[in-house]
């Protein structure tokens, strides 16, 4: 569920790196307190790293009352030098889950701590068995750079995008649009797409704009305070350089639409001809960075917030334009109600 840098955002990142390097060089005679590799030292290192570098404290305080100092007070008594590594890991893992963030992980040799309530507490609203019903057998659909696509029997194009882990070639995207250009509408299914590269999400989204539009805004941490951020900088969604889609499009979402897939939805929601159908996305609007604890465990966390074009955070998800759930009866009938709703909307728009 990684969230990677957009090329257009690299300039402020490079500037931050140069500033950091300068600070290191000019303060080489200053000794920073490094937590000891003890149970308490690792607890302090994790809490302090997040306290100074995590980017959603104020947002989550407003959303559900998160108080990071209270979290420390509640978990600190559970730490003792006599506990095992696995017991320490369990305490630290539970503490990170207080952030309710799928981008916050603690990596050890025996396990990876992760927060999954953002999808576990909600209907799946997706089935690979139902997907096969619409895509058909392997010989019934085409595949280009990770995109599976075909024309459905009502002349609606269907594109399944299961991941943004790899970017798409211009030639691949051009061929997909070329093959589906005669369709009355297009479905882009990003349900259960856990993310990957922001560049890939931006590349696919570029098929649906004819002029540069603001895709969103991003800011960076400038200090240890919870609200120490740079002024948000806009980044643009540029039109694709070859064939672009000009007809209505429906984007299918569920709670496992996360990270870069959440960004894909953010880029396009509200634009002319775009309708988001399904369930609220899972969110994940923070660019993750990593830090190492004294014991060698790796801590990943959201460090840079990404806002939509209205300067709103989608960390906790994006609501669809048309809310649809797949019921137990729908599954039993072999009907993907989300796909069927999107097809009906697109057919109506084509009339």
Inside region 266-295, can you point out the residues that are over 30 Å from residue 43 (Cβ atoms) and over 18 Å from the mean Cα position of the chain (by Cα)?
270, 271, 272, 273, 274, 275
Criterion (closer than 21 Å to residue 160 by Cα, part of a loop (DSSP other than H, G, I, E, B) and within 22 Å of the chain's Cα centre (by Cα)) met by exactly one of 255, 244:
255
Could you tell me which residue of region 296-338 is nearest to the chain's Cα centre (by Cα), considering only residues that are within 23 Å of residue 94 (Cα to Cα) and surrounded by fewer than 18 Cβ atoms within 10 Å (Cβ to Cβ)?
298
The conditions are (1) under 27 Å from residue 99 (Cα atoms); (2) in contact with a strand residue (DSSP E or B) (Cβ under 9 Å, 6 or more places away or on another chain); (3) surrounded by fewer than 21 Cβ atoms within 10 Å (Cβ to Cβ); (4) touching a residue at least 60 places away in the same chain (Cβ under 8 Å), and residue 341 fails exactly one of them. Which is it?
(1)
For residue 291, state whether it is touching a residue at least 60 places away in the same chain (Cβ under 8 Å), part of a strand (DSSP E or B) and surrounded by 23 or more Cβ atoms within 10 Å (Cβ to Cβ).
no
Residue 311: touching a strand residue (DSSP E or B) at 6+ places or on another chain (Cβ under 8 Å) and free of Cβ contacts under 8 Å to residues at least 60 places away in the same chain, yes or no?
no
Considering region 68-93 alone, what residues qualify as being surrounded by 13 or more Cβ atoms within 10 Å (Cβ to Cβ) and either under 24 Å from the mean Cα position of the chain (by Cα) or more than 20 Å from residue 115 (Cβ to Cβ) (or both)?
68, 76, 79, 83, 85, 92, 93
Exactly one condition in (1) part of a loop (DSSP other than H, G, I, E, B); (2) touching a residue at least 60 places away in the same chain (Cβ under 8 Å); (3) in contact with a helix residue (DSSP H, G or I) (Cβ under 9 Å, 6 or more places away or on another chain) is not met by residue 167; state its number.
(2)
Can you tell me which residue is surrounded by the fewest Cβ atoms within 10 Å (Cβ to Cβ) among those in region 130-144 that are in contact (Cβ under 8 Å) with a residue 24 or more places away in the chain and part of a helix (DSSP H, G or I)?
133
Tally time: how many residues in region 217-241 are under 16 Å from residue 57 (Cβ atoms), in a strand (DSSP E or B) and touching a helix residue (DSSP H, G or I) at 6+ places or on another chain (Cβ under 9 Å)?
1
Quick check on my filter: what residues within region 40-71 are out of contact with any helix residue (DSSP H, G or I) (no Cβ under 9 Å at 6 or more places or on another chain), more than 23 Å from residue 298 (Cα to Cα) and not in a helix (DSSP H, G or I)?
65
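Read-outs: derived from the displayed coordinates by stated rules, not from any lab. Predicted model only: the values in this text are computed from it and were never measured. Glycine gets a Cβ as well: all are built from the backbone with ideal geometry, and neighbour counts include every protein chain shown.
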